[in-house]
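What follows is a set of notes on a single structure, which appears directly below.
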Amino acid sequence: MLKQCEGSHAVAEAVALCRPEVICAYPISPQTHIVEGIGEMVKSGELKNCEFINVESEFAAMSVAIGASAGGARAYTATASQGLLFMAEAVYNASGLGLPIVMTVANRAIGAPINIWNDHSDSLSQRDCGWIQLFAETNQEALDLHIQAFKLAEELSLPIMVCMDGFILTHAYERVDMPTQAQVDAFLPPYEPRQVLDPADPVSIGAMVGPEAFMEVRYLAHAKQMQALERIPQLAEEFKAVFGRDSGGLTHTYCADGVDGNDGAETIVIAMGSVLGTIKDTVDEMRKPENGGHKIGVLGITSFRPFPLEAVRVALANCKRFVVLEKSLAVGIGGIVATNVRMAVTGMGLKGYTVVAGLGGRAITMKSLTGLFDKAGRDELEPLTFLDLDWNVVNNQLEREKLVRRSGPAAEAMLRDIGAVAARNY
Amino acid sequence: MFQVRIHGRGGQGVVTAAEMLSVAAFEEGRHAQAFPSFGSERTGAPVVAFCRIADKEIRLREPIMEPDALIIQDPTLLHQVDVFAGLKKGGYILINTNKTFEQLGLGEFVRDWPPERLCTVSATELSIKHVGRPVPNVPLLGGFAAVSGVIQLASVVTAIRDKFSGKVADGNIAAATEAYNIVRAEMAEAIMGGAHHA
């Protein structure tokens, strides 16, 4: 049924339709509305056979999810930013133990400086933790990915993060098509655990593993992610058969491959999450003959872990250059997504550009993207670009630090320089 | 695509107004996207929310920097925040006030504007009268339906019923309807040639 609602609300309803049995909740913006929404449904009796547990921290949230999942329950939680970091140790345990927990990460920057706005630093900091990471482009896809995530996680006994842009998606009201309970039940079978803590049939979960087998156990985690690489596109097909729409998969292309009357793309922009929408609008404009008829296309990465090396290679097979636009920064080297993409295209002889954009909620605008892509098309872009960076502010601070030893706290001085009275993003 | 920016203060229902506007547009079968400016909003602090309305899927995620219309829930913001930043020339402006644009010091700014696109309504008074609380956001949506013509009053009423129930819904519907009628009358007067506002 079509409805106009907040992204968080859509996800809460979708998770409820997946019949979770344990929800662990600890509030942190911007995911709070999701667990609040599920909490209301548990309290009202709309969501039955589900225990809603308020915990005292994110570390506890993930620990309770681990216990619940090991006990055979379908477990869900949500977090963001510092909350994800605070639960990091348990996050690794969930995947190491092979427990199919589904967690929404409402993507938000990581401090310091403290910042509640969106970027992808939180999820990407956990890229090697063994969880599958799926990134949603719209609220519809966020909703759909949760339904797919429970199925994939439980098949493979691997936990999954469904990543959606904090505020930009979680707090946006837009149209979604909410599935029926019957549709979700037809797609998602009841949870059949591979391992379960049962007093009647005791097993150990979480034994010490020494050098004799640790590498083999770790390799198994990699092998399962490689299985996920096969299953994710199949699940998207199965999903389409039941729900009638394209959602999920490893990657999405747009104007990239010479179909739909397009003449292919010489430049392909690669990104994850909601910024793909703004990029597509920009590409539509730039492809118009009156705007120069730029041969430009888009590759959206939905599955960041496992990383679809082959799909990226195929998508970039006929282009001349690629631009990875990412809401993350690997301090000291540049891009995170870009590094992964570069691995995929090794030996293909493509020009590649990394663009770090939108950190801490900095708006990514069509105007800035148009200038950026135009420059890329002429191969005039630097290998690493920080989109809309205010160099005056940066250079003032660097100068200050050169002049005096006790230059003071940097962030506060930079805020003073720009005369900020309140946060703004437009 | 029609883009609306709403300015107000924390506690005036700025974000709720944008959300309800999107629901009203959805009720008419259109695509709509509403979102807040995501500040750490506090009661009384300047707050901004956005709403886009279109006939196809809205993919754009940037903040609205060049609005077609502005709803200003609190006129004390006029000289504190650059509420008019990027407003399209001749765009719609609806202000919650019992003063004229001239009295607000905006006469020069809107000199060449089509006068029927410049409207004011005392939405706070209307909400106190009908709802018993100073929350101007919903009556302003009624006024916005009138001045912009982008959504029907009936859709605003549906959005109100979607959000509230009982007496609160009834009061807000009465306030929105009265605001709608006031703005319609203002527009008629402006079109009749009265340089009432400017």
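Computed values, structure above
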| item | result |
| --- | --- |
| Nitroxide proxy distance, nm - points 7 Å out along Cα→Cβ at B:Glu57 and A:Leu398 | 4.2 |
| For the pair B and A, total buried accessible area rounded to nearest 100 Å², probe 1.4 Å | 2400 |
| GluC sites (Glu not before Pro) within the range A:33-100, DSSP loop, no more than 12 other Cβ atoms inside 10 Å | A:Glu46, A:Glu56 |
| Angle between chain A longest axis and helix A:214-243 axis [Cα atoms, degrees, rounded to 10] | 90 |
| Dimensionless Rg over Rh [the protein assembly as shown; C-alpha; Kirkwood] | 0.99 |
| Choice from A:Gly371, A:Gly39, A:Gly72 showing the highest fluctuation, given a GNM over chain A with Cα pairs closer than 10 Å | A:Gly371 |
| Sites B:Ala154 and A:Leu415 - FRET efficiency at Förster radius 45 Å, r taken between beta-carbons, to 0.05 | 0.45 |
| Degrees between helix A:366-377 axis and first principal axis of chain A (Cα, 0 to 90, nearest 10) | 70 |
| The range A:66-119: relative contact order as a whole-number percent, Cα under 8 Å and 6+ apart | 40 |
| Mean ellipticity per residue at 222 nm, deg cm²/dmol - from DSSP H runs of n ≥ 4 across chain A, formula -39500 (n - 2.57) | -12500 deg cm²/dmol |
| Virtual spin-label span in nm between A:Glu56 and A:Arg245, 7 Å along Cα→Cβ | 4.2 |
| Estimated distance in nm for a label pair at B:Lys88 and B:Asp170, the labels positioned 7 Å out from Cα along Cα-to-Cβ | 4.0 |
| Given charges at beta-carbon only (K, R positive; D, E negative), |dipole| of the protein assembly as shown in Debye | 920 |
| Helix runs (DSSP H) in chain B reaching 30 Å along axis by Cα, Kyte-Doolittle at least -1.0 | B:166-191 |
| Principal semi-axes in Å for the range A:41-162 [√(5λ), Cα gyration tensor, largest first] | 21, 17, 16 |
| Whole-number percent relative contact order across chain A, with pairs defined as alpha carbons under 8 Å at least 6 apart | 14 |
| Accessible area expressed per residue, chain B, with surrounding protein chains retained (probe 1.4 Å, Å²) | 40 |
| 4 °C / 1.567 mPa s Stokes-Einstein diffusion coefficient of the range A:343-383, Kirkwood radius on C-alpha pairs, µm²/s | 109 |
| Given chain B, longest segment not containing exposed loop trypsin sites (Lys or Arg not before Pro) (DSSP; at most 10 other Cβ within 10 Å) | B:112-198 |
| At 1.306 mPa s and 10 °C, Stokes diffusion of the range B:43-151 via Kirkwood alpha-carbon radius, µm² per second | 107 |
| Accessible solvent surface per residue of chain A, calculated while the other protein chains remain in place, 1.4 angstrom probe, Å² | 44 |
| Under 5 Å, built H, 5+ apart or other chain: amide partners of A:Cys5 | A:Glu174, A:Val176 |
| With eigenvalues of the C-alpha gyration tensor scaled by 5 and rooted, the range B:2-197, Å | 22, 20, 18 |
| Estimated Rh, the range A:251-386: Kirkwood, alpha-carbon pairs, angstrom | 14.7 |
| Whole-number percent relative contact order across chain B, with pairs defined as alpha carbons under 8 Å at least 6 apart | 22 |
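The values are calculated or read from the model by the stated rules, or taken from the named source; none is laboratory data. Quantities reported herein were computed from a predicted structural model and do not represent experimental measurements. Ideal geometry is used to build each Cβ from the backbone, glycine not excepted, and the neighbour counts take in all protein chains shown. SASA here: full protein model, heavy atoms, side chains in, ligands and nucleic acids out. Shrake-Rupley method; radii C 1.70, N 1.55, O 1.52, S 1.80 Å.
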